[in-house]
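Report on one structure; see the data block that follows.
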Amino acid sequence: MSGMSATTLSGRDPARRRTRSKLGWNLLGLLVFLTAGFPVYWMIDTAFKPAKDAIDPDPSLLPTGVTLANFRRALDIADFWGPVGRSLIVSLSVVAIGIVVGTLAALAISRFAFRGRKIVIVGILAVQMVPLVAMIIPVFLLLNDLGQYDKLSGLIITYLTFILPFTVWTLRGFIVNIPRELEEAAMVDGCSRTGAFLRVVFPLLAPGLVATSVYGFIQAWNEYLYALMLMSQENQTATVWLGNFTTKHGTEYAPMMAGATMMAVPIVVLFLLVQRKMAAGLTAGAVKG
């Protein structure tokens, strides 16, 4: 009997440990979710609550009232659709140019051996390590000399300087994980190198392109420093537009949160449209073909 009890207990202990471990990881995941999600919840809650409740020194964590006045105030305080339209133009242009150029550059680095290849890879990493604030004066002087100051084209070129290296490095990781044998087999069957890329590599690379595009779009959409320094009040982007809520009389927190909520809508819509492809892209590099 004692032997059976010992066997039973020894069988239960691993199961209990697994249950406790699973419970611990679930609690940790819940804590991370609450920590990351609370600012978003507070932004939306503040956007819909009355303005006087937004500056209450003893705020309530639960909604105390719902009003759309903050959104009307956000749309009236300054032009909203103009900055949003300019941000969309800049972000979509940066993503389109970055994906085309980044894909070609990543393909060259991944599939071809050429002199200086390692230097190029190290250079891409080095560019991403430079703080953006350190380049603001040289970028300003360069754009001013080129006649691109206070122009959307100048802002697009500026954003490409830090989004393109990220795009190249990320896509390189996806291309490396696509076996060369697939391209070689297509070329043996009569495809050219370009045809092998379009028919074999590109479909396998599509999830990675989607994931990289979303991250690039978010970076361009949320960028504030360069948009503030390189664009005038008449050509401001959406992130700079939020600064209109801070005046010499103080900050209108409720309308500001309403504006921030409206600014988050394009990102949320984009993510919902491509979430499946994005999830596939994030895991595509985990297992090598």
So, of the residues in segment 154-168 that are more than 16 Å from Leu142 (Cβ to Cβ) and either free of Cβ contacts under 8 Å to residues at least 24 places away in the same chain or within 13 Å of the chain's Cα centre (by Cα) (or both), which turns out to be most open to solvent (accessible area, probe 1.4 Å)?
-> Phe166
Would you mention how many residues in segment 212-237 are over 22 Å from Leu164 (Cα atoms) and touching a residue at least 12 places away in the same chain (Cβ under 8 Å)?
-> 3
Would you say Val201 is open to solvent by less than 40 Å² (accessible area, probe 1.4 Å), at pLDDT 85 or above, part of a helix (DSSP H, G or I) and hydrophobic (A, V, I, L, M, F, W, C)?
-> no
So is Lys277 in a loop (DSSP other than H, G, I, E, B), at pLDDT below 80 and of a type outside the set (A, V, I, L, M) or not?
-> no
Is at least one residue of segment 122-145 in contact with a helix residue (DSSP H, G or I) (Cβ under 9 Å, 6 or more places away or on another chain), closer than 20 Å to Val94 by Cβ and outside any helix (DSSP H, G or I)?
-> yes
Among (1) surrounded by 13 or more Cβ atoms within 10 Å (Cβ to Cβ); (2) at pLDDT below 85; (3) closer than 30 Å to Met231 by Cα, Asp76 falls short only on (1)
Residue in segment 79-98 that is modelled with pLDDT under 80 and either aliphatic (A, V, I, L, M) or in a helix (DSSP H, G or I) (or both) present | no
Kindly check whether there is at least one residue in segment 223-240 that is at pLDDT 90 or above, of a type in the set (Ser, Thr, Tyr) and closer than 27 Å to Val122 by Cβ.
-> yes
For segment 120-146, enumerate the residues that are loosely packed, with under 10 Cβ neighbours inside 10 Å and more than 25 Å from the chain's Cα centre (by Cα).
-> Pro138, Asp145
From (1) modelled with pLDDT of 85 or more; (2) farther than 17 Å from Val100 by Cα, pick out the condition that doesn't hold for Val127.
-> (1)
Could you list, in sequence order, all residues of segment 204-222 that are surrounded by fewer than 18 Cβ atoms within 10 Å (Cβ to Cβ) and either modelled with pLDDT under 85 or touching a His at 6+ places or on another chain (Cβ under 9 Å) (or both)?
-> Leu204, Ala206
Residue tally, condition at pLDDT 90 or above and part of a loop (DSSP other than H, G, I, E, B), over segment 149-197 = 3
Selection status of Ala69, surrounded by fewer than 15 Cβ atoms within 10 Å (Cβ to Cβ), at pLDDT 85 or above and of a type outside the set (Ser, Thr, Tyr) | yes
Select from segment 108-119 the residues that are open to solvent by 90 Å² or more (accessible area, probe 1.4 Å) and in a helix (DSSP H, G or I) and list them in ascending order.
-> Lys118, Ile119
Filtering segment 32-68 down to residues that are part of a loop (DSSP other than H, G, I, E, B) and of a type in the set (Gly, Ala, Ser), which residue is farthest from Ala258 (Cα to Cα)?
-> Ser60
Which members of segment 80-94 meet the condition of being open to solvent by 30 Å² or more (accessible area, probe 1.4 Å), closer than 23 Å to Phe202 by Cα and of a type in the set (A, V, I, L, M)?
-> Leu92
Condition test on Met256, is it open to solvent by less than 40 Å² (accessible area, probe 1.4 Å), farther than 18 Å from Val95 by Cβ and at pLDDT 90 or above?
-> no
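The values are calculated or read from the model by the stated rules, or taken from the named source; none is laboratory data. Everything quoted here is computed from the prediction, not taken from an experiment. As a convention, Cβ positions derive from the backbone with ideal geometry for all residues, glycine included, and neighbour counts pool all protein chains shown. When the accessible area is computed, the model is the full protein with side chains, heavy atoms only, and any ligands, DNA or RNA have been set aside. Shrake-Rupley method; radii C 1.70, N 1.55, O 1.52, S 1.80 Å.
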